[in-house]
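Just below is one structure, and these are the notes that go with it.
The values are calculated or read from the model by the stated rules, or taken from the named source; none is laboratory data. These numbers were taken from a predicted model, which means no experiment stands behind them. Note that each Cβ is placed from the backbone with ideal geometry, even for glycine, and that neighbours are counted across all protein chains shown. Note: accessible area is taken over every heavy atom of the protein model, side chains too, but ligands, DNA and RNA are not part of it. Shrake-Rupley method; radii C 1.70, N 1.55, O 1.52, S 1.80 Å.
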Amino acid sequence: MYKYILFDFDGTVFDTVEGITKSVRYALNKRNIDAPLESLRCFAGPPLGLTLMEKFGFDEEEAARAVADYRERYLPIGLYECSVFAGIKELLAELRAEGVKLGIATLKPLHMARTLLEKEDMLQLFDVSCGADPNNMHQTKAQILSSAMEELGADAESTIYVGDTKFDVHGAHECGVKCIGVKYGYAADGELAEAGADYLAETVEELRNLL
């Protein structure tokens, strides 16, 4: 068993897609752009501003304004349109009982992740939680993961990362860490395998068996 297990947040520990997609659509509607919620699932996880630039062709200034509009809805409403994936809390408690050090490494702004973890009485399950600076859209998953490992004193060989998108796989590999890709999250079909995930888990129970 690995000594250090780090988790992504959106799509891995919490199912947050409803609040994220509805808040993205809110920001788009302010610009007379409409899109089906299903087509906005790709916004759950990666940096919001960069994804707006890639998917809708916004320049950096317009993306920053759209992120501000997104937060108009997300902070009071969308943040709470979520739930913990069934079985995750029990898995985390089991891993802690085994003496494993656990952490969160997410591109979600840290205060948002911590708010939800506290709400679900889960913050104490993690030895460290690292998240994004909400004013820096250029942060990478590798930078966040590296910070979490540094806080834990974790070496790459003793660490594994659990995430649900190609960004998680690439970030883990940049840090020299193996990655479990969870297919119950928000990746497109085949995305995790194509990205080179070291292991795949269809369900939380499969993730438990792997870990």
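Rounded, prolate or oblate: which fits region 135-194 when a ≥ b ≥ c are the square roots of the eigenvalues of the alpha-carbon gyration tensor, with rounded for a/c under 1.5 and prolate only if a/b beats b/c? Verdict is oblate for region 135-194. Note that region 17-172 presents 45 Å² accessible area per residue, ligands and nucleic acids not counted, probe 1.4 Å.
Dividing the helix sum by the residues of the chain, where each DSSP H run of 4 or more adds -39500 (n - 2.57), gives a mean residue ellipticity at 222 nm of -12500 deg cm²/dmol.
To the nearest 0.05, how large is the calculated FRET efficiency for Glu174 and Ile77 if R₀ is 41 Å and r is the Cβ-Cβ distance?
E(calc), rounded to 0.05, equals 0.75.
When nucleic acids and ligands are ignored and a 1.4 Å probe is applied, Asp155 ends up with an accessible area of around 70 Å². Computed over protein heavy atoms with a 1.4 Å probe, the carbon and sulfur contribution to the accessible area of region 57-195 reaches 46%. For the pair Leu200 and Glu150, the difference between a 0.36 nm per residue extended length and the Cα-Cα distance amounts to 15.4 nm. Using C-alpha pairs under 8 Å with a sequence gap of at least 6, the mean separation divided by the residue count of the chain gives a relative contact order of 25 percent. Which is the longest run of the chain containing none of the GluC sites (Glu not before Pro) found in DSSP loop states (not H, G, I, E, B) with at most 14 other C-beta atoms within 10 Å? The segment 99-201 is the longest one with no such site. Along the axis of the charge dipole computed for the chain (Cβ charges of +1 for Lys and Arg, -1 for Asp and Glu, origin at the Cα centre), the listed residues Ala68, Thr16, Asn136 are led at the positive end by Ala68.
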